[in-house]
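Single-structure report; data block below.
The values are calculated or read from the model by the stated rules, or taken from the named source; none is laboratory data. Bear in mind the structure is a predicted one, so any value in this text is a computation, not a measurement. Cβ sites come from the backbone with ideal geometry, for glycine too, and all protein chains shown count toward neighbours. Surface areas here come from the heavy atoms of the whole protein model, side chains and all, with no ligands, DNA or RNA. Shrake-Rupley method; radii C 1.70, N 1.55, O 1.52, S 1.80 Å.
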Number of protein chains: 2
Amino acid sequence: MAQGAREAQASATDSEFDRDTSVTLREPGVYDADLSEGWTILSAVNGGYLLAIVARALRDALPHPDPFTVTAHYLTPSKPGPAVVRTEAVRTGRTLATGQASLFQYEADGTEVERVRVLAAYGALHSLDDDVHTSVKPPVLPPPEQCLGTEDGPAAFPDDSGFAQRVAIRLDPATTGWAVGAPSGKGEMRGWFSLADAREPDPLSLLLTVDSFPPTAFDLGLMGWTPTVELTTHVRARPAPGPLRVFVTTRNLAGGYLEEDAEVWDTADRLVAQSRQLARAPRSGRAPEGR
Amino acid sequence: MAQGAREAQASATDSEFDRDTSVTLREPGVYDADLSEGWTILSAVNGGYLLAIVARALRDALPHPDPFTVTAHYLTPSKPGPAVVRTEAVRTGRTLATGQASLFQYEADGTEVERVRVLAAYGALHSLDDDVHTSVKPPVLPPPEQCLGTEDGPAAFPDDSGFAQRVAIRLDPATTGWAVGAPSGKGEMRGWFSLADAREPDPLSLLLTVDSFPPTAFDLGLMGWTPTVELTTHVRARPAPGPLRVFVTTRNLAGGYLEEDAEVWDTADRLVAQSRQLARAPRSGRAPEGR
């Protein structure tokens, strides 16, 4: 390994994200993890953070390194504390491997309760050809210093949220009217995303990024929890270093559910991730419970 | 059951789609099926048809009737003939149930080979509230008689395709330039969809509809197979009777892969389904093989 690569790796390993998503092999295919309080919003563990943990276990369990498409179903609310990820290699091909994984936590008597189930295909992003024919354009955003972060109050997240300490999100002011009671009604969130400790983005951290912004429901005038039922993310390229631009939209709020589509763009103007989730529309400001 | 409902059900049961997606309970959670030659394109069994079979088994296995979000990973190419669907009820809640299923076929020696793995959440569409705040508009299409079907040649599907006999797709001429060597380059397909025997749409048939149109890659000038890696569909409402309008777009063709987003609209102007798939971009006109 070249000296530069070694240094970069060490730097990545020291990051909050890498430390808090680390998994330890217990036996073949089974990984112990610890859900950190640092990635909670009020008492809820962020779904993108959970996904990054599961994806890291799958990366170890499968022969290809990068998540190409990852679907997560959120079954029960996760809590900070110990967890175990059980993986299954479903099928391994020359360029793609399909894997499944579940994250469990423990009842007081040690019984395992499933929190998240994931189905994913992994490949090698560096081995893909260089052709890019992306027809959609990056979102137009004011520069970061003209966007609003948590320190600018109105806060994107509650003050006691660990999550707000670990991500540096700066929202386009055009999508923050909800914070002062004047949502645009468009169902959009746009802004800049970095990890607070400046750890550079990679395919695993993109799984966090797609689920890191305030709910688009806020911009539709619906405040409260929007618990994710299912989230699918396509990671399409290794992101270039630097802040990411994120554009999230909801086009179909109906019947008490809504979809949220996120695009993530890197500093090289590459569309590096696309995600869509199905979530319940907010009914109240209460924390998520069983369904 | 009212007389009208009974007749409608009988009519649905006689349809090609219902006959060819039928599953027979072998033992709890395990269903026998038979993949019909009627839903092939050249030698490949259509992915949406496969999905409808798996979703029908899951509907029987789970306590809630309608697929809300269904993710399928296509592992190996399916062939007409016997198959078995093995289901697992992952979690059952009051309003949602999460299930998993795999469709297998048999080697000559009887070994089961997994073709498709599915992770899904089911609920009851009729129990959702009536609020609809869909911001996106239905696609603007010429009336069906001004759109192009297989009988108008250029053909949307090869002549020997059973699939072309069972679906009535009429494409907006603006998205058929590829058939005469003049693709628009936009990566769009728009048109009307019905089942050829006039069986009315329902949540299961929507899973077929989202994967029924010619690949958007054709409209980007790339002819050939675009094998699906993963397909996720959100079914958002029970469709009203009558022909469906389908709008499929690709915005990100890069690195040898592309996403395809489909919207399906019913005659009541309701966005009844949204889907996204990750597929391999065409490299040649050969039939799909292992990966």
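Inspection of segment B:183-192 identifies no residue that is open to solvent by 50 Å² or more (accessible area, probe 1.4 Å) and either within 24 Å of B:PHE17 (Cβ to Cβ) or in the same structural domain as B:THR76 (by TED's automatic domain parsing) (or both). Taking segment A:24-50 as the range and being touching a helix residue (DSSP H, G or I) at 6+ places or on another chain (Cβ under 8 Å), of a type in the set (Ser, Thr, Tyr) and assigned to a strand (DSSP E or B) as the test, the residues that pass are A:TYR31, A:THR40.
Screening B:LEU207 against (1) open to solvent by less than 50 Å² (accessible area, probe 1.4 Å); (2) more than 14 Å from every other protein chain (Cβ to nearest Cβ); (3) in a loop (DSSP other than H, G, I, E, B); (4) not small (Gly, Ala, Ser) leaves a single unmet condition, (3). When residues in segment A:106-141 are screened for being in contact with a strand residue (DSSP E or B) (Cβ under 9 Å, 6 or more places away or on another chain), within 11 Å of chain B (Cβ to nearest Cβ), open to solvent by 40 Å² or more (accessible area, probe 1.4 Å) and outside any loop (DSSP other than H, G, I, E, B), 3 of them pass.
Of all residues in segment B:251-270, those being open to solvent by less than 10 Å² (accessible area, probe 1.4 Å) and of a type in the set (Val, Ile, Thr) number 1. In the condition set (1) touching an Asp or Glu at 6+ places or on another chain (Cβ under 8 Å); (2) part of a loop (DSSP other than H, G, I, E, B), B:VAL84 is compliant with all but (2). The numbered conditions (1) open to solvent by less than 60 Å² (accessible area, probe 1.4 Å); (2) within 25 Å of B:ASP20 (Cβ to Cβ); (3) assigned to a strand (DSSP E or B) are all true for B:VAL90 except (2). When you check A:VAL90 against the structure, is it within 14 Å of chain B (Cβ to nearest Cβ) and of a type in the set (A, V, I, L, M, F, W, C), yes or no? Criteria met by A:VAL90.
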